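Colleague: Handing you a structure now.
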Amino acid sequence: MRRSSPGAVRHPQRLTLARRLLAEGALAEDAIANARSFALRQDLSLAAALLALRSVPADRLYPLLARHFGILHVDPRTEAPDPRLIDRADADWCLRRGVLPWRQVGGVTVILAPLPEVFDAEREHLAARFGPVVCALADEGGINAALLAARGATLALLAQHRVPDRYSCRGWSTAAVQQPLALGLVVLGGLVLLWPGGVLAAATIWAVISLVLCMGLKLAAAIAAHRAVPPPPSALPARLPIVSVIVALYREADIAERLIQRLSCLDYPRERLEILLAVEERDHLTRDALARAALPPWMRVIVTPHGKLKTKPRALNHALSTCRGSIVGIFDAEDAPAPDQIRRVVARFAAAGPELACLQGILDYYNPRTNWIARCFTIEYATLFRVILPGIQRMGMAIPLGGTTLYVRREVLEHVGAWDAHNVTEDADLGLRLARSGYRTEMIATVTQEEANCMPLAWVKQRSRWQKGYMMTWIVHMRAPARLWREIGARAFIGFQIMFFCALSQAILAPVLWSYWLLALGLPHPVTQALPGWCVILLVAMFLMTEAINITIGILAIRKTGHRMNPLWVPTMLLYFPLATFSVYKALWEMVRNPFYWDKTSHGHFG
């Protein structure tokens, strides 16, 4: 700790600080002029401009600022704060505001802040809590590290409970799921024994209804997407907002260096961009890899406090409290976003009204030819992000978000409770909660390349997590169906049922429908005797028509990607979709045994 006489803090005259920088050889005249110009444009103090521009290394800048302001400079990593003072202020409040009650000296509470103006903004609140207070300087990373060390358990609990109870699945217990499911299986088993034909008929009817509804929505979305008119190009605002991008990392030591390289390609002023790499406290491999990497000043590591629950949304919730941006973006570890992506997002938000809360980008793959599964996954994503979701948007339905390349207005994200830390498809759930709160989500024409998860077992694990999350999301939002209907409207309500309940039903009951391909091949089926001839013909025609719709939309979607892929791969999707049935039964098993388990997808194998 470097000591000076503490006292009241006032913003210094920029010229005085500029002269000190020059006199101590911290910056050359042209760099000082650049910082002063930036400070004037952004209405900042020169000290804030220096931090934003990263003009001087923090370990050199903070002692200089402390001497200039005549206040203390403290490193809370080595000189720990009094945890009782943190409790009085509230740990989460400190994390959000970027201040830290450090120690009491002679009846005066020393408050650590990265800049005097940060302290000034909170002085009244702090004085009400502590009485006389004075400011001392500490870098933001040190403040966050000290909070984590002192009150990590408290912060971990807060990250798990941001979403209101009625919108969260955190209250579930395995016993609560197992008992009704066991009863249901007993009843179903009895019905199969007593009335096998009736059960098969009922399953067939619902499977056919689900198939028809899903295909109908897919066709309607394709037509709507074809008719959609893209919004006109938007201009960037005169004053660019700060954009915070969070990347949740867990056991990603092998991909850390490539991630930094890819994110470094983003074309956005570095002083208005911060990349937060959220890593679990006990994930030492990833933390060590990031420590070895040459992180640019606009990237920083956010350590998520240890907790029993280890999910991506929990890490996002904790990182959100440390963000400075008014726009929050989400990337995955293997993402390679388009360089102009953030500029497009900022321009669109600036042109739209406040009801536009979220922008979802297009996801694609940079390894579409690795194997057959990679090709099919590429076709599936092209269909979803370039046809179905744009069509759903145009039809006024709620968009289930894609988990990455999504950008949300910070104030809206805070308003809806951020992410449900227990939901393993936090993205789809967030999309529904935004719609329920009256906000709008749009697709935006910017592409992020990802890694296609194309090994069979890994694919099933990833897809089962998504399906389990869709089950969670449907159950949570259907706790009060009448209220959901009122909040999102009839059309969006019906779309929600088709995209979630019917899609899951289709995967679960797919074996029932597979058996009817015997009819298409001219072979006998157990229900043939119970069905009139026209029903058999209708079933066969329906199966053929749904495949024709799938193939047509798949070919149209793949043409939008620019991939040079042979369209003959599209019909092979008929053999790809059954994988979702294997994964959905795994998802059902986990819903009973371990609903909050996050089956981690490993990245970095193909690019």
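Colleague: Ranked highest first by the average count of other Cβ atoms within 10 Å around their residues, in what order do 462-469, 152-159, 565-572, 237-244 fall?
Modeller: Output ranking for 462-469, 152-159, 565-572, 237-244: 462-469, 152-159, 237-244, 565-572.
Colleague: Now for a separate question. Could you give me the radius of gyration and the Dmax of the range 242-354, taking only the C-alpha atoms into account and expressing both in angstrom?
Modeller: 14.0, 43
Colleague: By how many degrees, 0 to 90 and rounded to 10, does the Cα axis of helix 29-42 deviate from the longest principal axis of the chain?
Modeller: On a 0 to 90 degree scale, this one is about 60.
Colleague: Give Lys310/Lys461; Lys461/Lys560; Lys468/Lys560; Lys312/Lys586; Lys218/Lys461 a once-over and call out the pairs whose C-alpha atoms are over 22 Å from each other.
Modeller: In this structure, Lys461/Lys560; Lys468/Lys560; Lys218/Lys461 exceed 22 Å between Cα atoms.
Colleague: For the chain, find the longest principal axis of its Cα atoms and tell me its angle to the long axis of helix 579-593, 0 to 90°, nearest 10.
Modeller: 60 degrees
Colleague: So how do 448-457, 84-93 stack up, highest first, on mean other-Cβ count within 10 Å?
Modeller: 448-457, 84-93
Colleague: Skipping prolines and chain starts, which residues have an amide H placed within reach, meaning under 5 Å, of the one on Met299, given they are 5 or more residues away or on another chain?
Modeller: For Met299, the qualifying residues are Ile275.
Colleague: 5 Å is the cut-off here: which amide hydrogens, built 1.01 Å from N in the peptide plane, fall below it relative to Met443, excluding neighbours closer than 5 in sequence?
Modeller: Excluding prolines and chain starts, which carry no amide H, the hits are Gln360.
Colleague: While we're looking at this one, here's another question. In whole angstrom, how long is each semi-axis of the equivalent ellipsoid of the range 440-539, when you take the square root of 5 times every eigenvalue of its Cα gyration tensor and sort them from largest down?
Modeller: 33, 23, 14
Colleague: I would also like to ask the following. List the lysines whose Cα sits under 18 Å from the Cα of Lys308, skipping any in the same chain fewer than 8 residues away.
Modeller: Straight-line reach from Lys308, under 18 Å: Lys600.
Colleague: For a label point 7 Å from the Cα of Glu257 along Cα→C-beta, name the residues of the range 286-301 whose backbone N is under 13 Å from it.
Modeller: Hits in the range 286-301 for Glu257 at 13 Å: 289-295.
Colleague: Ignoring solvent entirely, what values of log10 I(q)/I(0) come out of the Debye formula for the chain at 0.06, 0.07, 0.11 Å⁻¹ when each Cα is a single scatterer?
Modeller: Result of the Debye calculation: -0.38, -0.50, -1.09.
Colleague: Now a separate question. Give me the log10 of I(q) over I(0) for the range 14-160 at q = 0.12, 0.18, 0.21 Å⁻¹, as the Debye formula computes it from C-alpha points; what are the numbers?
Modeller: -0.52, -1.01, -1.23
Colleague: Grab the DSSP H runs of the chain that are 4 residues or longer, score each as -39,500 (n - 2.57), total them, divide by all residues and round the 222 nm result to the nearest 500 deg cm²/dmol.
Modeller: Result for the chain: -16000 deg cm²/dmol, rounded to the nearest 500.
Colleague: Continuing with this model, one more query. May I ask for the angle, rounded to the nearest 10°, between helix 140-160 and the longest principal axis of the chain, with both axes built from Cα atoms and the value confined to 0 to 90°?
Modeller: 40 degrees
Where a number appears in this text, it was derived from the coordinates with a stated rule and is not lab data. Because the structure is a prediction, the values reported are computed rather than measured. FYI the Cβ positions are ideal-geometry reconstructions off the backbone, even for glycines, and counts take in every protein chain you see.
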